[in-house]
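Reviewing the structure listed below.
The values are calculated or read from the model by the stated rules, or taken from the named source; none is laboratory data. Being a predicted model, the structure only gives us computed values, none of them experimental. Heads up, the Cβs are rebuilt from the backbone with ideal geometry, glycines too, and the neighbour counts pull from every protein chain shown. Ligands, DNA and RNA are excluded from the accessible area calculation, which covers all protein heavy atoms including side chains. Shrake-Rupley method; radii C 1.70, N 1.55, O 1.52, S 1.80 Å.
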Amino acid sequence: MIYDHRSNLLSYRGLSPLFDLALRYLEKTDLTALEPGRYPIDSDSVFVLIQSPCTRSRTESRWESHRRYIDIQYLISGREQIGFQNTGLLAVEEPYNTDRDIAFYRDNGQGFFVPMAPESFVVCFPQDAHMPLVCADAPEPIKKAVIKIKIPQ
């Protein structure tokens with residue numbers, strides 16, 4: 001898991017060519033101008049999902065993880081908290097779904113939560129169970145970009 005601010009994006013260059021492509025996209029794209037939807041960056045290898053959900057309480061949220069894609073979750077507007085803990089600490093609630101590239105876990109009341117403000121981002125690797133969309137104080141609408149980076153198999 002990585003938690004940082006847009007001003008430090010380029011510090012993470014060199015992890016992989018696809019990761020570098022995602023970082024350049026974040027650096028050069030005006031995400032505020034994009035409407036919700038899926039936008040290809042490099043076909044299915046790297047793409048961005050622009051989302052406009054509403055945050056919710058922790059009790060209404062779920063832990064999740066992915067195996068085929070790394071997530072870069074970048075907050076465009078609003079406030080959100082994202083929780084993290086290792087997948088090995090959680091009991092599976094819904095087994096991994098290959099088509100959707102997602103597994104869900106029961107909340108064990110643990111993990112740590114980072115405050116997201118506009119231009120902050122987190123990187124979630126396969127071992128990182130994450131709980132996105134948790135409200136900071138009260139539910140509020142947000143806008144975020146989730147960049148999906150395919151992991152070489």
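Taking θ as phi - 60°, what are the ³J(HN,Hα) couplings along the range 130-145 by the Karplus curve (6.51, -1.76, 1.60), each to the nearest whole Hz, with x for Gly and Pro?
Result, rounded to whole Hz: 9, 10, x, 6, 7, 5, 6, 10, 9, x, 8, x, 9, 10, 9, 10.
Show which aspartates and glutamates lie in cross-link reach of K143 when reach means a straight Cα distance below 12 angstrom and same-chain residues fewer than eight apart are skipped.
E35, E80, E119
When all protein chains stay in place, what accessible area (Å², nearest 10, 1.4 Å probe) is found for I142?
So the heavy atoms of I142 present about 10 Å² to solvent.
Looking at the range 84-153, I'd like the Rg to Rh ratio, where Rg is from alpha-carbon atoms and Rh is Kirkwood's inverse mean 1/r. Show your work: numbers first, answer last.
Working: Rg = 13.5 Å, Rh = 14.0 Å.
My calculation puts Rg/Rh at 0.96.
Kirkwood hydrodynamic radius, computed over distinct alpha-carbon pairs, for the range 9-131: how many Å, to one decimal? All intermediate terms of the calculation are to be shown ahead of the outcome.
On the way: mean 1/r = 0.0642 Å⁻¹.
Averaging 1/r across every pair of different Cα atoms and inverting gives 15.6 Å.
Ordered by residue, what ³J(HN,Hα) values in Hz, to whole numbers, does the range 44-52 give under the Karplus form 6.51 cos²θ - 1.76 cosθ + 1.60, where θ = phi - 60° and Gly and Pro are x?
With the stated coefficients, the range 44-52 comes to 8, 6, 9, 8, 10, 10, 8, 10, 10 Hz.
Around I41, which amide H atoms from residues at least 5 apart in sequence, or from another chain, sit under 5 Å from its own amide H, with H modelled in the peptide plane?
Amide H neighbours of I41, under 5 Å, 5+ apart: V46, F47, V48.
Name the residue, out of R100, R13, R24, whose mean-square fluctuation peaks in a Gaussian network model built on the chain with Cα pairs under 10 Å.
Highest fluctuation of the listed residues: R100.
Taking 0.36 nm per residue of separation and subtracting the Cα-Cα distance, what length does fully extending I151 through R100 add?
On the way: separation 51, 0.36 × 51 = 18.36 nm, distance 1.48 nm.
My answer for the length gained is 16.9 nm.
Of the heavy-atom accessible surface of the range 1-139 (probe 1.4 angstrom), what whole percent is carbon and sulfur? Before the final figure, lay out the partial values.
Working: 3540 of 7040 Å².
The C+S portion of the solvent-accessible surface of the range 1-139 is 50 percent.
Tell me, what is the per residue accessible area of the range 6-153 in Å², probe radius 1.4 Å? It would help to have the intermediate numbers written out before the result.
Details: 7370 Å² over 148 residues.
Using a 1.4 Å probe on heavy atoms only, each residue of the range 6-153 averages 50 Å².
With charges only on Cβ, +1 for K and R and -1 for D and E, what is the dipole size of the range 1-107 about its Cα centre, in debye, rounded to 20?
Details: 13 positive and 16 negative charges, 38 e Å.
Dipole size: approximately 180 debye.
Enumerate the amide H contacts of E93 below 5 Å, restricted to partners 5 or more residues apart or on another chain; note that Pro and chain-start residues carry no placed amide H.
For E93, whose amide H was placed from the backbone, the distant partners under 5 Å are F104, Y105, R106.
Using a Cα-Cα cut-off of under 15 Å, which aspartates and glutamates could be cross-linked to K148, ignoring same-chain neighbours fewer than 8 residues away?
K148 reaches D20, D42, D44, E64, D71, D99, D101, D128.
Pop a pseudo-label 7 angstrom from the Cα along the beta-carbon direction at both Y3 and A33 and give the gap in nm to one decimal.
3.2
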